[in-house]
Amino acid sequence: MNDNIYLYILVMAGVTYLIRMLPLTLIKKEIKNTYIKSFLYYVPYVTLSVMIFPAILTATASAWSGAAALVAATVLAYRGKSLFQVSTAACAVVFVLEWALEFLL
Amino acid sequence: MNDKIQQFRSGLKDGVPIGLGYLAVSFTFGIMAKKAEISTLAAVVMSLTNLTSAGQFAALGVIQNGAPFLEMAAVQLIINLRYCLMSCSLSQKLDAKMPFFHRFLISYGVTDEVFGVSACREGILGPFYAYGLIGAAVPGWTLGTLLGAVSGDLLPARLLSALSVALYGMFLAIVIPPARESRILAGVVLVSMAASFLFSRIPMLSGISSGFRVIILTVVIAGAAACLFPAEEKQGGKDVS
């Protein structure tokens, strides 16, 4: 198997790179069609939202800490805090809450 | 020249949460790779060359089963097809006159997170900003894999648990501020989350892989939003500049 492993990796990397590279190199012009433009404008918001929820609830050791991180990050993001601040605050909330939960239970 | 360094630095800075989040996720990947009897070097090479979470986790099973290469290619294609949508979206953020080699290099780093930060940034996406993001993401992903494979006990579980929300925190920091300014975007965000939740709960739909879920919901919801509110792009259209 170990002789094969790098071939597997090559296949994986090749396929994944092509998926990423072809649209970026083939679509060079600005798309004029309003519908397609609007569609592409909405794409990141939908993909990110779909990836956030409900996955954030199962990312941590307990759904409660995940939910707390969700609320904290949403509030901070709403107040216009930076990527780094929101992200580290979410981590801190989980860390403290799980520590506290362990302490109490 | 200074402008390029400036861009690279600002990319690196915005990429720190990506790197931290990746560290936690790839740490788990390193542990799993070791369990799947994949050598540390191979695991690290895989992370460095693929830079994708779901695809790599799925690959472990494929490799363990000794499945044909074609199956590996198909699995990666299905799981990672969402990058195709992301790259399409990103293509509109790049300067049309930008040399091809920049496009080839940026392509390497189109992950969910790098895409999220790049796509929602105002104005044209400069290649050096993207390199900054990628430059912060790749070490996190690769180093985490190494640490996980070498020693699964190196980081305490609680710290790993905390770090694993870094990516979600970052996603929220990306989608919430524009959603605050636009009720349409707020609706899109809420509908997307609700639909994603339903997909994870409804028995017939919950079997769909997460990669496909992203593709299906993105096509349907972004498609519907584009039908209903085609002009939104112009309002938020600072990216046309």
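Derivation of every value follows stated rules applied to the coordinates shown; laboratory data play no part. Because the structure is a prediction, the values reported are computed rather than measured. Cβ sites come from the backbone with ideal geometry, for glycine too, and all protein chains shown count toward neighbours.
Starting from the Cα coordinates of region B:47-138, work out the convex hull volume and express it per residue in Å³.
Enclosed volume per residue, from the Cα hull, is 97 Å³.
Run through region A:11-70 and list the trypsin sites (Lys or Arg not before Pro) located in a DSSP loop whose Cβ has at most 15 other Cβ atoms within 10 Å.
A:Lys28, A:Lys29, A:Lys32
Could you estimate the translational diffusion coefficient of chain A from the Stokes-Einstein equation, with Rh from the Kirkwood formula over C-alpha pairs, at 4 °C and 1.567 mPa s, in whole µm²/s?
For the chosen part, D equals 73 µm²/s.
Kyte-Doolittle mean at least -0.5 and Cα extent at least 30 Å along the axis: which DSSP H helices of chain B qualify?
B:2-35, B:127-150
Tell me, what is a quarter of the convex hull surface for the C-alpha atoms of the protein assembly as shown, in nm² with one decimal?
Its Cα hull, projected and averaged over all orientations, spans 17.7 nm².
From the Cα gyration tensor of region B:2-163, with a ≥ b ≥ c the square roots of its eigenvalues, which class applies: rounded if a/c is under 1.5, or else prolate if a/b is larger than b/c, or else oblate?
oblate
Using a Förster radius of 41 Å, what is the FRET efficiency between B:Leu48 and B:Ala186 based on their Cβ-Cβ separation? Nearest 0.05, please.
0.60
Which of these, B:Asp14, B:Asp95, B:Asp112, has the largest mean-square fluctuation under a Gaussian network model of chain B (Cα springs below 10 Å)?
B:Asp95
When the helix-only estimate is applied to chain A (DSSP H runs of n ≥ 4, each -39,500 (n - 2.57), divided by the residue count), what is the mean residue ellipticity at 222 nm, nearest 500 deg cm²/dmol?
When only DSSP H runs of four or more count, the value is -28000 deg cm²/dmol.
Please list, by residue number, every one of the GluC sites (Glu not before Pro) in chain A that is coil in DSSP and has at most 12 other beta-carbon atoms within 10 Å.
A:Glu30
Of the cross-linked pairs A:Lys81/B:Lys13; A:Lys32/B:Lys93; B:Lys4/B:Lys93; B:Lys13/B:Lys34; A:Lys28/A:Lys81; B:Lys13/B:Lys93, which ones have a Cα-Cα span greater than 22 Å in the structure shown?
From the list (A:Lys81/B:Lys13; A:Lys32/B:Lys93; B:Lys4/B:Lys93; B:Lys13/B:Lys34; A:Lys28/A:Lys81; B:Lys13/B:Lys93), the Cα-Cα distance tops 22 Å for B:Lys13/B:Lys34; A:Lys28/A:Lys81.
With a cut-off of 8 Å between alpha carbons and a minimum separation of six or more residues, what is the relative contact order of region B:161-226 in percent?
25 percent
So for chain B, averaging the separation of alpha carbon pairs under 8 Å that are six or more residues apart and normalising by length, what relative contact order in percent results?
35 percent
Report relative contact order for chain A in percent, whole number only (criteria: Cα-Cα under 8 Å, sequence separation at least 6).
Result for chain A is 17 percent.
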